1. Just give me the residues in segment 77-127 being of a type in the set (A, V, I, L, M), closer than 14 Å to PHE140 by Cβ and without any contact (Cβ under 8 Å) to a residue 40 or more places away in the chain, in sequence order.
2. Just to be sure before I move on: is GLN148 surrounded by 12 or more Cβ atoms within 10 Å (Cβ to Cβ), of a type in the set (S, T, N, Q) and at pLDDT 95 or above in the structure I sent?
3. Taking the stated definitions as given, is LEU80 within 16 Å of the ligand (Cβ to nearest atom) and surrounded by 12 or more Cβ atoms within 10 Å (Cβ to Cβ)?
4. Enumerate the helices (runs of 4 or more DSSP H) found wholly within segment 110-205, keeping only those where 3 or more residues are over 24 Å from THR73 (Cβ atoms) and not hydroxyl-bearing (Ser, Thr, Tyr).
5. Return the residues of segment 153-187 that are among the small types (Gly, Ala, Ser), touching a residue at least 40 places away in the same chain (Cβ under 8 Å) and crowded, with 16+ Cβ neighbours inside 10 Å; say none if nothing qualifies.
6. Which is more than 16 Å from the ligand (Cβ to nearest atom), in a helix (DSSP H, G or I) and surrounded by fewer than 17 Cβ atoms within 10 Å (Cβ to Cβ), of PRO67, PRO98?
7. Would a scan of segment 164-172 turn up a residue that is touching a Ser or Thr at 6+ places or on another chain (Cβ under 6 Å) and under 17 Å from THR104 (Cα atoms)?
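The values are calculated or read from the model by the stated rules, or taken from the named source; none is laboratory data. These figures come from a predicted structure and were not determined experimentally. Neighbour counts are summed over all protein chains in view; Cβ atoms, including those assigned to glycine, are modelled from backbone coordinates with ideal geometry.
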Amino acid sequence: MWCSLPLSQPGRQLCLYCQQALPVLPYALCHFNLLWLPAVARGLADAKFDQLLCLAHYQQPYQHWIPLWKYHTDLAAGQLLQQQLCLLLAAYKDGGHPMPGALTFVPLHWRKQRQRGFNQSQLLAEALGKQLQLPVLALFGKTASHSQRGLNRQQRRKNLRQSFSLTTLAQPLPAHIALVDDVITTGATANALARLLRRAGVKTISVWTLTVTAAPGYSL
Ligand SMILES: [Zn+2]
């Protein structure tokens, strides 16, 4: 998916050199929580979740692969991204860090999902669930999103919150849940969903995504 060298392992989309050349985030500096890294945290207004893990900042080559998967249905790009996120979380788990009781994912409006054919966040969550042997719960619904244009910050937040709902639950949720999304930009969507989880009694909320936008003032 990046260079044209032959692959050493079947099923992998990257050669060993490309794997080593991928940008990474300094997990050792932030103890596997990017909310403790200024280059990330300053760009996320008032995070309502407890932990953030991502592969990298929104930069090349992710900046190339993510739209390939989402908008051009390049399934090899999708497989590559799922593999990379699984590698990160496998390393996280092997390090003995606290694991959630279940995974959930950011919903897509049904019309968009029908158009695209898949929900990328759901596919990421399912790949992670398989890797980490955790249940994946479809917890959220998304109603048609109303335009955010012309609204102030507070109105935008309310508008966003009202466009998501928690599905009816047969049993109480685990105390720790990881919310999976493809990219995190301002954190507004993750915050809206974290509020719903919190209200349903979830104590610890992790957000796991492919990339995060660097905070303003941090050049890559
Ligand atoms: Zn390569």
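1. Listed by number, the list holds a single entry, LEU108.
2. So GLN148 fails the test.
3. Working: within 16 Å of the ligand (Cβ to nearest atom): yes; surrounded by 12 or more Cβ atoms within 10 Å (Cβ to Cβ): yes.
For LEU80, the condition - within 16 Å of the ligand (Cβ to nearest atom) and surrounded by 12 or more Cβ atoms within 10 Å (Cβ to Cβ) - is met.
4. 153-162, 188-199
5. The answer is ALA178, GLY187.
6. Of the residues listed, the single one that is more than 16 Å from the ligand (Cβ to nearest atom), in a helix (DSSP H, G or I) and surrounded by fewer than 17 Cβ atoms within 10 Å (Cβ to Cβ) is PRO67.
7. The answer is no, given that none of the residues of segment 164-172 is touching a Ser or Thr at 6+ places or on another chain (Cβ under 6 Å) and under 17 Å from THR104 (Cα atoms).
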